[in-house]
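Reading through the structure tokens given below for one structure.
The values are calculated or read from the model by the stated rules, or taken from the named source; none is laboratory data. It should be emphasised that the depicted structure is a prediction, and the values quoted were computed from it without experimental measurement. No Cβ is skipped: glycine too gets one built from the backbone with ideal geometry, and neighbour counts run over all protein chains shown. Side chains are part of the model used for accessible areas, which takes the heavy atoms of the whole protein and leaves out ligands, DNA and RNA. Shrake-Rupley method; radii C 1.70, N 1.55, O 1.52, S 1.80 Å.
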Amino acid sequence: MLEVQALDLRLDQLAHRRRTLPEAAEVERLQSERKELEAAVVAAATKVEDLTREQSKAERDVEQVRARRERDEQRLQAGQVASPKDLENLQHEIESLTKRQSDLEDVQLEIMERLEAATAEHDELRQKLSEVESRLEATERTRDEAYAAIDAEAENVRRDRAEAAADVTDELLALYEKIRSQQGGIGAAALRQRRCEGCRMELDTSYLLKVAAAPPDEVLRCEECRRILVRTADSGV
């Protein structure tokens, strides 16, 4: 019975170790980080695309104003305008177009700077995402290796447990399992030096006398914690 209990405790320890594996927690953290970075990369890429379109539009606007100004300057230089009033209007238009071109070039430069910054941010986020994906892949491998080792050990322990339980009656096993579920995983405990190793309480003398007088095959229960009490060579009775 004590061997079954020891093997069950080992199985509990392995299950707890599997549930609380640090690599598993790190995988979850990295998966969350990857998800956030993926969203950030998409947002950054969208920003780059929007600014690229803005830059193209700004370039077209500048080119249109430049072309119109150059045509007006060519007309002025060619002397194609004879009327003083028309000449004055043309000169005024050239001045307006020159200022308009300057303003548009400032806008174009500002968009270019924003695009460079957005592109740099996008590249940086992609690099971070790549690094996180590499770390995640490596951590998943480590986690899976640890899972495999735990599962292999657990399988061996379950096999040993089945062999040990074969020597215990079904009735006693059922009682043990019931107590074990109620008592934090410990359904049977050794009696050593007059003390139950389940609750660590020293048993009453009168009860110890009953233990000493009980037949070897009688199922005994600790009078304190009600766990199955297994007599040993150094029970103290």
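Tabulated data
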{"item": "Search result, residues across the range 171-206 that are among the hydroxyl-bearing types (Ser, Thr, Tyr) and open to solvent by 10 Å² or more (accessible area, probe 1.4 Å)", "result": "Ser181, Thr205, Ser206"}
{"item": "Sole residue being among the basic types (Lys, Arg), in a helix (DSSP H, G or I), touching a helix residue (DSSP H, G or I) at 6+ places or on another chain (Cβ under 9 Å) and more than 30 Å from Ala58 (Cβ to Cβ), chosen from Arg159, Arg114, Arg126, Arg143", "result": "Arg143"}
{"item": "Positions within the range 11-31 being of a type in the set (S, T, N, Q) and either at pLDDT below 95 or over 14 Å from Tyr147 (Cβ atoms) (or both), in sequence order", "result": "Gln13, Gln31"}
{"item": "Yes/no for Val168 being in contact with a Phe, Trp or Tyr (Cβ under 8 Å, 6 or more places away or on another chain) and open to solvent by less than 60 Å² (accessible area, probe 1.4 Å)", "result": "yes"}
{"item": "Single match in Glu88, Glu28, Glu49, Glu33 (criterion: assigned to a helix (DSSP H, G or I) and in contact (Cβ under 8 Å) with a residue 12 or more places away in the chain)", "result": "Glu33"}
{"item": "Residue, modelled with the lowest pLDDT, within the range 176-197, restricted to residues that are in a loop (DSSP other than H, G, I, E, B) and touching a helix residue (DSSP H, G or I) at 6+ places or on another chain (Cβ under 9 Å)", "result": "Arg194"}
{"item": "Residue match in the range 220-236 (condition: open to solvent by 50 Å² or more (accessible area, probe 1.4 Å), in a helix (DSSP H, G or I) and not small (Gly, Ala, Ser))", "result": "no"}
{"item": "Hits in the range 1-25 - residues which are over 30 Å from Leu175 (Cβ atoms), open to solvent by 50 Å² or more (accessible area, probe 1.4 Å) and assigned to a helix (DSSP H, G or I)", "result": "Pro22, Glu23, Ala25"}
